[in-house]
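Heads up, the thing below is written out as structure tokens.
The numbers here are math on the coordinates, done by the rules we state, and not lab data. Since this is a predicted model, take the numbers as computed values, not measurements. Neighbour counts are summed over all protein chains in view; Cβ atoms, including those assigned to glycine, are modelled from backbone coordinates with ideal geometry.
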Amino acid sequence: MYKPSYRTQKNGVPVLKKEEIDAIGEAYVQDFQPEVLRNPAPVDIEGFIECYLGMTTDYQYLSHNGIYLCMTVFNDTDKVVVWSPDTNRAEYVSAKARTVIVDNRLLEESQQHRYRFTLGHEGGATTSSTRSSSTTTQTRCRSLAHRWPP
Amino acid sequence: MNAQYQNFGEFIQRKRVENQIPLRKMAERIGISAPYLSDIEKDRRNPPEMDKLELISQVLLLSEDEKSTMLDLAGRKRNSVAPDLPGYIMERDYVSAALRTARDLDAGEDEWMKFVAELKKRKG
């Protein structure tokens, strides 16, 4: 599997220019599904996340109003807060390290573009945070960061 | 017997990953929703019915032994016998009688294994 190299701050946060992020993204695609660079086609984003990066996917309602599209769990935990439509309140679920939890609303047919972008976003977050996540249990991504079209 | 798998969900997840099938694609192929399959894999919900278990077996290209393991784990999750067995038992009173006899006489694993080996020998 492709392993990017880049500078990091003392706390492990990567220091990357926009062009470097593009180059790393392209290198991942080259390694995972090179044919799409010659003949443009949709990247198999679920295959990239689950089979290439080895992450686990889960599907939950992350909020009552859809404000969170997804989250990545970095360390095993039984304290992931989700919303239960059955009880109309917040509940805990457990998740293992390297789990991407997608909001169920993104599974709707009209949300496929956001679903794909969101998975790609989480994959990017994971590949660039392996050295800075030892103390971070989970991160959530809000819908404003993923609105498409802009 | 299935010590290598903690539960039905873990079995399904490991076999799916071995076959490199993403969760949502697997759910589509067996005709259930991705959240439901995700819950099953994480041991939050019960296994699906027998028709879906047959489909899972086909999609995951399970051997006969692996299919038996899957069905045993499905039964255990439901706190019941493997879901392929009740029909067989209910249609044959002598099977129920044999099971009761074995239970009353406290038949052990060795005796059952000998019985199974004898059956296999006779049936080729």
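Details
- Counting only residues at least eight positions apart within a chain, or on another chain, the lysines with an alpha carbon under 21 Å from that of A:K17 are A:K3.
- Gaussian network model of chain A, springs between alpha carbon atoms under 10 Å - residue of A:R105, A:R38, A:R140 with greatest fluctuation: A:R38
- Taking amide H as placed 1.01 Å from N in the peptide plane, A:R98 has its amide H under 5 Å from the amide H of A:V73, A:F74, A:N75, each at least 5 places away in sequence or on another chain.
- Rounded to whole Å, the principal axis extents of the Cα atoms in the protein assembly as shown read 74, 45, 39, largest first.
- In summary, the lysines within cross-link reach of B:K77, defined as a Cα separation below 18 angstrom excluding same-chain residues under 8 places away, comprise B:K15, B:K42, B:K52, B:K67.
- Each Lys or Arg adds one and each Asp or Glu takes one away; over the other residues whose Cβ falls under 13 Å from the Cβ of A:V29, this sums to -4.
- For region B:51-124 and region A:22-85, distance of Cα centres in Å: 40
- Unit charges on C-beta of K, R, D, E only; dipole of the protein assembly as shown, Debye: 780
- Residue among B:V59, B:A97, A:V81 farthest towards the positive dipole end of the protein assembly as shown, charges placed on Cβ: A:V81
- Taking amide H atoms as placed 1.01 Å from N in the peptide plane, the amide H of A:Y59 lies under 5 Å from those of A:V102, each 5 or more residues away in sequence or on another chain.
- Average other protein chain Cβ within 10 Å of Cβ, residues B:36-45: 3
- When Rg and the Kirkwood radius Rh are both evaluated on Cα atoms of chain A, their ratio Rg/Rh stands at 0.97.
- Of all lysines in the structure, not one lies under 16 Å Cα to Cα from B:K120 without also being fewer than 8 positions from it along the same chain.
- Applying the criteria of a DSSP loop state and at most 10 other Cβ atoms within 10 Å to the GluC sites (Glu not before Pro) of region B:39-124 yields B:E49, B:E91.
- Residue mean of other protein chain beta carbons inside 10 Å, B:17-25: 5
- Semi-axis lengths (Å, descending) of the ellipsoid that matches the C-alpha gyration tensor of chain B: 31, 15, 14
- Integer Hz, Karplus 6.51/-1.76/1.60 couplings in order for region A:35-51, x for Gly and Pro: 4, 6, 7, 8, 10, x, 7, x, 6, 6, 5, 5, x, 4, 5, 8, 8
- Inter-chain Cβ neighbour average for residues A:54-65, partner chain, 10 Å: 3
- Over chain A: helical MRE at 222 nm, DSSP H runs n ≥ 4 each giving -39500 (n - 2.57), nearest 500: -7000 deg cm²/dmol
- Per-residue HN-Hα couplings for region B:94-101 [Karplus 6.51, -1.76, 1.60; θ = phi - 60°; Hz; x = Gly/Pro]: 5, 6, 4, 4, 5, 5, 5, 4
- Positive end of the dipole of the protein assembly as shown (Cβ unit charges, origin at the Cα centre): among B:L37, A:Y52, B:F8, the Cα lying farthest that way belongs to A:Y52.
- Chain B: most fluctuating residue of B:I89, B:I30, B:I40 per GNM, C-alpha cutoff 10 Å: B:I89
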